[in-house]
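Peer 1: My questions all concern the structure below.
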Amino acid sequence: MSETDKATRPAADSADLTIEMRGVHKWYGQFHVLKDINLSVTRGERIVICGPSGSGKSTMIRCINRLEEHQQGQIIVDGTELTDDVKHIDQVRKEVGMVFQHFNLFPHLTVLENCCLAPIWVRKMPRKEAEAVAMQYLEKVKIPEQAKKYPGQLSGGQQQRVAIARSLCMNPQIMLFDEPTSALDPEMIKEVLDTMIELAESGMTMLCVTHEMGFAKTVANRVIFMDAGEIIEENEPHEFFNNPQSDRTKLFLSQIL
Ligand code: ADP
Ligand code: MG
């Protein structure tokens, strides 16, 4: 397919195209934070996004579920273009789950209540059913015995696994992770990564901002390097790590590996 064909092809043409960002720009006031981002994600892809602090990684993935608004270009998620239309935003958010660095659980609700809240209020699921679904996912992330506890009574690794289970309860098609292990003590990182590996093996489409390069090497099918608001380089992991093209990528890798 030629470059022109790619640029003009409507996203809905391809059933397995799940996220498409075309010429996306974003500014925070005068600050140009995303510069001409072009990204096509196919169903089932596992993409790791890395780059220096402040390069726009969080902003980019937050634009995908409209936690941040872009000012130029197009973002199409599962055939729905993100515009000011609240219906479109709601539609996209139903498809996209997000896990944050600091878990963002509701501290005054139990683990089970955290997991049931959105299915009951957004999906209008009966409470009994929501609880059954929640228990199923808490089992999947291996903490069903914590269901009645409050987030503050759990370790960081357990809280992050609750956050993953809570997202999965909404049955998303795509999961976004923003440095999900960066706030964890070293001994808890593995339990969260193991949960993410299982999710990847189940076929979930995943975009993960992470500095865990071991995870990138074994789980990702594509690694994207961002710097100063641009996608500088992307490749399959083996090539990315062994044969980086840009000097900026080489410098970044020399600092973290
Ligand atoms: P990363 O996740 O790669 O560390 P971010 O996307 O968080 O980068 O931030 C990119 C740049 O945008 C940084 O310089 C940051 O200071 C700036 N930034 C982030 N959020 C805001 C905001 N709400 N208002 C103004 N500037 C912001
Ligand atoms: Mg960030």
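Peer 1: Need the failing condition index for Thr218 against (1) farther than 18 Å from Val96 by Cβ; (2) crowded, with 18+ Cβ neighbours inside 10 Å, just the number.
Peer 2: Every listed condition holds for Thr218 apart from (2).
Peer 1: Here's something else I'd like to know. Collect the residues in the range 44-73 that are in contact (Cβ under 8 Å) with a residue 60 or more places away in the chain, more than 8 Å from ligand 1 (Cβ to nearest atom) and farther than 19 Å from Phe215 by Cα, keeping them in residue-number order.
Peer 2: Within the range 44-73, Ile64, Asn65 meet the criteria.
Peer 1: Counting just the residues of the range 74-94 that are away from ligand 1 (no atom under 16 Å from the Cβ) and in a strand (DSSP E or B), which one comes out surrounded by the most Cβ atoms within 10 Å (Cβ to Cβ)?
Peer 2: Once the filter is applied, the top-ranked residue is Val77.
Peer 1: How many of the residues making up the range 221-257 are farther than 23 Å from Ile19 by Cβ and open to solvent by less than 50 Å² (accessible area, probe 1.4 Å)?
Peer 2: The number of residues fulfilling the criteria is 5.
Peer 1: Right, next: Counting just the residues of the range 26-43 that are out of contact with any Asp or Glu (no Cβ under 8 Å at 6 or more places or on another chain) and outside any strand (DSSP E or B), which one comes out nearest to ligand 1 (Cβ to nearest atom)?
Peer 2: Among those that are out of contact with any Asp or Glu (no Cβ under 8 Å at 6 or more places or on another chain) and outside any strand (DSSP E or B), it is Gly29.
Peer 1: Please enumerate the residues belonging to the range 43-57 that are away from ligand 2 (no atom under 16 Å from the Cβ) and either open to solvent by 50 Å² or more (accessible area, probe 1.4 Å) or of a type in the set (Val, Ile, Thr) (or both).
Peer 2: Within the range 43-57, the first condition is being away from ligand 2 (no atom under 16 Å from the Cβ), and the residues that meet it are 43-46.
Hits for the range 43-57 are Arg43, Arg46.
Peer 1: What are the residues in the range 142-154 that are open to solvent by 10 Å² or more (accessible area, probe 1.4 Å) and either assigned to a helix (DSSP H, G or I) or more than 19 Å from Glu198 (Cβ to Cβ) (or both), if any?
Peer 2: Keep residues of the range 142-154 that are open to solvent by 10 Å² or more (accessible area, probe 1.4 Å), which gives 142, 144-146, 148-150, 152-154.
Passing the criteria: Pro144, Glu145, Gln146, Lys148, Lys149, Tyr150, Gly152, Gln153, Leu154.
Peer 1: Just the residues that are surrounded by 19 or more Cβ atoms within 10 Å (Cβ to Cβ) and more than 21 Å from Ala200 (Cβ to Cβ), please, taken from the range 21-42.
Peer 2: Scanning the range 21-42 gives Met21, Val24, Lys26, Val33, Leu34, Ile37.
Peer 1: Quick check, is Gln160 in contact (Cβ under 8 Å) with a residue 60 or more places away in the chain, open to solvent by 50 Å² or more (accessible area, probe 1.4 Å), more than 17 Å from Ile49 (Cβ to Cβ) and not hydroxyl-bearing (Ser, Thr, Tyr)?
Peer 2: no
Peer 1: Kindly list the number of the only condition in (1) surrounded by fewer than 17 Cβ atoms within 10 Å (Cβ to Cβ); (2) outside any helix (DSSP H, G or I) that fails for Ile197.
Peer 2: (2)
Peer 1: Condition first: under 22 Å from the mean Cα position of the chain (by Cα), more than 16 Å from ligand 1 (Cβ to nearest atom) and not in a helix (DSSP H, G or I). Now tell me which residues in the range 212-255 satisfy that.
Peer 2: Matches in the range 212-255: Ala220, Asn221, Arg222, Asn235, Glu236.
Peer 1: Within the range 113-154, which residues are of a type in the set (Gly, Ala, Ser) and within 22 Å of the chain's Cα centre (by Cα)?
Peer 2: Ala118, Ala134
The values are calculated or read from the model by the stated rules, or taken from the named source; none is laboratory data. None of these values were measured; they are calculated from a predicted model. Positions of Cβ are generated from backbone atoms using ideal geometry, with glycine treated the same way; all protein chains shown enter the neighbour counts. Surface accessibility is based on the protein's heavy atoms, side chains included, excluding ligands, DNA and RNA. Shrake-Rupley method; radii C 1.70, N 1.55, O 1.52, S 1.80 Å.
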